[in-house]
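This report concerns only the one structure given below.
The values are calculated or read from the model by the stated rules, or taken from the named source; none is laboratory data. Since we're looking at a predicted model, the values are computed, not measured. Every residue, glycine as well, gets a Cβ built from its backbone with ideal geometry; the counts of neighbours run over all protein chains shown.
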Amino acid sequence: MTSGKYFNRGVKSLDNSDLGFVVRETPDKIIVFGKGNERYDIPIEEIQQVGGNVLIGLNFSDLQKYARSRDSPLPSGRKDPWESNDRQIDLGTYEGRYPNSLFNKGVRAKNEDHVGHVMKETNEKIVVFGENNKRFDIPKSEIYQVGMNVILRIDHPYLSKYEVSKDSPLPSGEPIESINKEAYPEDYHGPRD
């Protein structure tokens, strides 16, 4: 099996052809951002088929048990951007060791509207996956304040100038799939399903 089996793919249920897309994989679940402010943390065993899209073997109403708040921290992937000999990840410990990292933080507009989560950080920009399958590559100069969330200097209408296709290469020039490849390093020998 290749790395990134689910990442960035569209997701369907048995009775809904557009649930959203996969923003993160862990060893036991996929994290799906849907339309509006929807988020689903769906166990891998609920996946019925993978092709151009990921088909969940449930009806939309049955998926509600996996609904989560978009503001909840994202679960850790198979490899995260910090080194540790321990396979158990504690985001609180990580934030204490790397207080300046924006990875995995929620992002809010100036008026406190939820924008998304930081999926990648470069020296100049943050890559944010947000509502309605949107991706924003936002310059760090637009950051007003950082605490539990990243607060921007701008409101939602002005964010559109930073919107890019979710499949576009990262600001560093790497393909978008490289976000997920970090979850499967060459020295990783654990389960990939």
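To keep it simple, each residue is scored yes or no on (1) assigned to a loop (DSSP other than H, G, I, E, B); (2) modelled with pLDDT under 90; (3) more than 30 Å from GLY173 (Cβ to Cβ).
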site: ARG70; (1), (2), (3): yes, yes, no
site: LEU74; (1), (2), (3): yes, yes, no
site: ASP86; (1), (2), (3): yes, yes, yes
site: TYR94; (1), (2), (3): no, yes, no
site: VAL107; (1), (2), (3): no, no, no
site: VAL128; (1), (2), (3): no, no, no
Name every residue in the range 122-140 that is farther than 18 Å from ASN8 by Cβ and buried (at least 21 other Cβ atoms within 10 Å of the Cβ), in order of residue number. ILE138
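So for the range 39-60 (the condition being of a type in the set (Asp, Glu) and modelled with pLDDT under 90), does at least one residue qualify?
no
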Residues of the range 1-41 that turn out to be free of Cβ contacts under 8 Å to residues at least 12 places away in the same chain and either over 20 Å from ASN59 (Cα atoms) or crowded, with 21+ Cβ neighbours inside 10 Å (or both), as a count: 1
